[in-house]
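No lab work stands behind these numbers, since they all come straight from the coordinates. Values in this document were obtained by computation on a predicted structure and should not be read as measured data. Here Cβ is always computed from backbone atoms with ideal geometry, including for glycine, and neighbour counts include all displayed protein chains.
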Amino acid sequence: MNRQTTLFTLEQIIEIQPLTKLQAVLTFIDYSIMLETFKIDVSKRGPKGFAYTSLLNALLAMQIDQIPTIKALVKRLKTDPVLRVTCGFDTIGKTPSASTFSRFYRKAL
């Protein structure tokens, strides 16, 4: 059985498409001041090994895309690979759980 290769990766397809409102907002955000203020070491990973910036991007996506709950955000991240990549998570693999977001939120406060 021959496996057919894809012509484009998901990242290349996302680059070809016009920017969404979320992508436009995230391209202009600089987290360096906030990470310094909260003394977050970016070389370390957040709860369960996710990057702090990816978790912050997901919380911003929740507000911009009007996702009502963390549970709905988690479900959307699992089912929407474009949102996952836009927020900075891997296309394949685990996405953060509701408890991961809860621990991250408590740690940031």
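Between Ala24 and Asp65, the distance separating the two model label sites (each 7 Å from Cα on the Cα→Cβ line) works out to 1.7 nm. The phi torsions of the stretch 79-88, fed into the Karplus equation with coefficients 6.51, -1.76 and 1.60 and a -60° offset, translate into couplings of 9, 10, x, 5, 4, 4, 5, 4, 6, x Hz, rounded to whole numbers, with Gly and Pro shown as x.
The fewest-to-most ranking of Ile29, Ile67 by surrounding Cβ atoms within 10 Å reads Ile29, Ile67. Projecting the alpha carbon convex hull of the stretch 19-108 along each direction and taking the average yields 5.6 nm². At a Förster distance of 30 Å, what's the computed FRET efficiency of Tyr31 paired with Leu7, Cβ-Cβ distance as r, to 0.05? E(calc), rounded to 0.05, equals 0.30.
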